[in-house]
């Protein structure tokens, strides 16, 4: 994946409240080391090169802290989970919500781990 400005906005509190209307059962999952799940293409990896006294090193995965990381990661996850109703993505957090426990458990099974 290329590191470039995506112009993909993060969801707002208004987006969250609109999404959660009617839900009574909730789970929140955290994608551990989330940004490192995104592989960089060669050119982007070169832009993420740093130098130490021991040599030059390049990130092969999306590093935390670069200016576009949050929107690249948000876009990737939004696309990944777009077909699963009852899933709200905020960067590396996945909020699963439903009106019933049965519906909630079905969504949990659909979410890739």
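Laboratory data are not the source of any read-out in this text; all were calculated from the coordinates shown. Since this is a predicted model, take the numbers as computed values, not measurements. All Cβ positions, even for glycine, are placed from backbone atoms using ideal geometry, and neighbour counts span all protein chains on display.
Observations
- Rounded D (µm²/s) - segment 36-79, Kirkwood Rh over Cα pairs, Stokes-Einstein at 37 °C, 0.692 mPa s: 292 µm²/s
- Spin-label pair residue 14-residue 108: with each label point 7 Å from Cα along the Cα-Cβ axis, the two points sit 3.4 nm from one another.
- Using a Förster distance of 30 Å, the FRET efficiency for residue 46-residue 78 (Cβ separation, nearest 0.05): 0.65
- Over the chain - Rg/Rh using Cα atoms and the Kirkwood inverse-distance radius: 1.08
- Ellipticity at 222 nm from helices only: DSSP H runs of n ≥ 4 in the chain, each -39500 (n - 2.57), divided by the residue count, give -9500 deg cm²/dmol.
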